[in-house]
Amino acid sequence: MNNRDGILLIDKPQGLSSAGLVARLKRTLALKKAGHAGTLDPFATGLMVICLGKATRISRYFLGGDKSYVATLRLGCTTDTLDPEGQITATAAVPFLNETEVCETFARFTGPLMQAPPVYSALKHKGVPLYRLARQGKPVQKPPRPVIVHSLHLLELQLPEIRFAVHCSSGTYIRTLAANLAEAFGTVGYLAALRRTATCGFTLEDACTLDIILPGAETTSQGPPLISMAHALGFLPEICANNTLTEKIFHGKVLCTADFPDAVPDAGPVRIVDAQGRLMAVIRKEEDQPDRFCYDAVFMHGPD
């Protein structure tokens, strides 16, 4: 492994798609492999987790984590995309709202919810992204799915806009939440602005802006500030391998309970690190053979 294998936290600027951000990083850093662990719409800004090199193989572990945002709901009109990139489809009067009324409505949308994904989304229908079908005039409405809004906090009430903070489960569409809130207020609305502040245990405070990675930036010659794979997976249980376990993993041998000095969790993936704290492998118990383990990913290789 080299210093190009790791996690890069980026504060995505407005107007750039998630795929465009990854492509730009690959060109700038001359990378063969890079990918993101969760998209942001072009109009949105904030934290994106970018996996570089061999770290692309652990991106799946970051997809299901909770997320936090600061969002702005604009009342009085709505768009076909439920965000500022769409065409206005309806208008309505903006009711007078005080902070107490807003907070009471927020409370109704806190906790487990059933939420219908927007027709303009990256979800697929028969292999085709919904946004592509919607642009073709063939919108598909997926059935509601369970999500959790852990908290909703009012930050600023300046009608026709309401600025709020939300902490939610993965899979929650803030555009849909904004439209549903507007309906609860007795009008229509759309998500005017969105900024992701945290995801998968990472926070925006630890992210770097794109301009410090572009050609000519001071950090470019030394590479961007990367988080090691072992550190990024800090939310997984950890086992430090001894020489015997290291040898078995190196040769891809079957792992059994007796190979570990300590008890291994019964469910979920486990990270194995070497004496230097570097990620060697991610394993999990076999469902039909609880004394054996399968490899999710292995990062031990021969000399480069």
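Criterion first (in the same structural domain as residue 194 (by TED's automatic domain parsing) and in a loop (DSSP other than H, G, I, E, B)) does residue 41 satisfy it? Even if it seems obvious, please write down each step before you answer.
Working: in the same structural domain as residue 194 (by TED's automatic domain parsing): no; in a loop (DSSP other than H, G, I, E, B): yes.
So residue 41 fails the test.
I'd like to verify a number: residues in region 192-211 that are closer than 29 Å to residue 235 by Cβ and surrounded by 15 or more Cβ atoms within 10 Å (Cβ to Cβ), how many?
12
Name the one entry in 26, 32 that is in a helix (DSSP H, G or I) and surrounded by fewer than 19 Cβ atoms within 10 Å (Cβ to Cβ).
Details: 32 fails: in a helix (DSSP H, G or I).
Selected residue: 26, the only one of 26, 32 that is in a helix (DSSP H, G or I) and surrounded by fewer than 19 Cβ atoms within 10 Å (Cβ to Cβ).
Please pick out the residue among 178, 193 that is part of a strand (DSSP E or B), within 21 Å of residue 66 (Cα to Cα) and either modelled with pLDDT of 95 or more or more than 23 Å from the chain's Cα centre (by Cα) (or both). If you could, list the steps in order and put the result at the bottom.
Numbers: 178 fails: part of a strand (DSSP E or B).
Of the residues listed, the single one that is part of a strand (DSSP E or B), within 21 Å of residue 66 (Cα to Cα) and either modelled with pLDDT of 95 or more or more than 23 Å from the chain's Cα centre (by Cα) (or both) is 193.
Can you tell me how many residues in region 252-271 are touching a Leu at 6+ places or on another chain (Cβ under 9 Å), assigned to a loop (DSSP other than H, G, I, E, B) and farther than 26 Å from residue 6 by Cα?
Of the residues in that region, 2 qualify.
Go through the residues of region 70-79 one by one and say whether even a single one is farther than 19 Å from residue 207 by Cβ, in contact with a Ser or Thr (Cβ under 7 Å, 6 or more places away or on another chain) and among the charged types (D, E, K, R). Steps first, please.
Taking region 70-79 first, the residues farther than 19 Å from residue 207 by Cβ are 72-79.
Among the residues that remain, those that are also in contact with a Ser or Thr (Cβ under 7 Å, 6 or more places away or on another chain) are: 75-79.
With among the charged types (D, E, K, R) added as a condition, the list becomes none.
No, that holds for no residue.
Determine, yes or no, whether residue 21 is buried (at least 19 other Cβ atoms within 10 Å of the Cβ), at pLDDT 90 or above and either outside any strand (DSSP E or B) or touching a His at 6+ places or on another chain (Cβ under 8 Å) (or both). Don't jump to the end; show me each part of the working.
Numbers: buried (at least 19 other Cβ atoms within 10 Å of the Cβ): yes; at pLDDT 90 or above: yes; either outside any strand (DSSP E or B) or touching a His at 6+ places or on another chain (Cβ under 8 Å) (or both): yes.
Yes; evaluated as a whole, the condition is true for this residue.
Just to verify a result, which residue in region 272-304, among those that are basic (Lys, Arg) and modelled with pLDDT under 90, is nearest to residue 6 (Cα to Cα)? Full working, then the answer.
To start, the set of residues in region 272-304 that are basic (Lys, Arg) comprises 278, 284-285, 292.
Now narrow it down to the ones that are modelled with pLDDT under 90: 284-285, 292.
Working: 284: 22, 285: 25, 292: 29 Å.
Of everything passing the filter in region 272-304, 284 is nearest to residue 6 (Cα to Cα).
For the subset of region 65-124 comprising residues that are part of a loop (DSSP other than H, G, I, E, B) and of a type in the set (Phe, Trp, Tyr), which member is nearest to the chain's Cα centre (by Cα)? Full working, then the answer.
The first filter runs over region 65-124 and keeps only residues part of a loop (DSSP other than H, G, I, E, B), leaving 65-66, 76, 80-87, 92-98, 109-110, 116-123.
Retained after the next criterion (residues that are of a type in the set (Phe, Trp, Tyr)): 96, 109, 120.
Numbers: 96: 35, 109: 21, 120: 18 Å.
Across region 65-124, the extreme among qualifying residues is 120.
Could you identify the single residue in 34, 23 that is over 23 Å from residue 174 (Cβ atoms), within 19 Å of the chain's Cα centre (by Cα), touching a residue at least 12 places away in the same chain (Cβ under 8 Å) and not assigned by TED's automatic domain parsing to the domain that holds residue 179? Lay out the reasoning, then the answer.
Values: 23 fails: touching a residue at least 12 places away in the same chain (Cβ under 8 Å).
Checking each option against the conditions leaves just 34.
Hey, can you tell me all the residues within region 44-64 that are modelled with pLDDT under 90 and assigned to a loop (DSSP other than H, G, I, E, B)?
Listed by number, the residues that qualify are 63, 64.
In region 226-251, what residues are assigned to a helix (DSSP H, G or I), touching a strand residue (DSSP E or B) at 6+ places or on another chain (Cβ under 7 Å) and under 30 Å from residue 212 (Cβ atoms)?
229, 230, 232
Answer yes or no as to whether residue 55 is free of Cβ contacts under 8 Å to residues at least 40 places away in the same chain and among the hydrophobic types (A, V, I, L, M, F, W, C). Give the derivation first.
Numbers: free of Cβ contacts under 8 Å to residues at least 40 places away in the same chain: no; among the hydrophobic types (A, V, I, L, M, F, W, C): yes.
Considered against the rule, which asks whether it is free of Cβ contacts under 8 Å to residues at least 40 places away in the same chain and among the hydrophobic types (A, V, I, L, M, F, W, C), residue 55 comes out as no.
The values are calculated or read from the model by the stated rules, or taken from the named source; none is laboratory data. Everything quoted here is computed from the prediction, not taken from an experiment. Quick reminder, even Gly has a Cβ in these numbers, built from the backbone with ideal geometry, and neighbours come from all protein chains shown.
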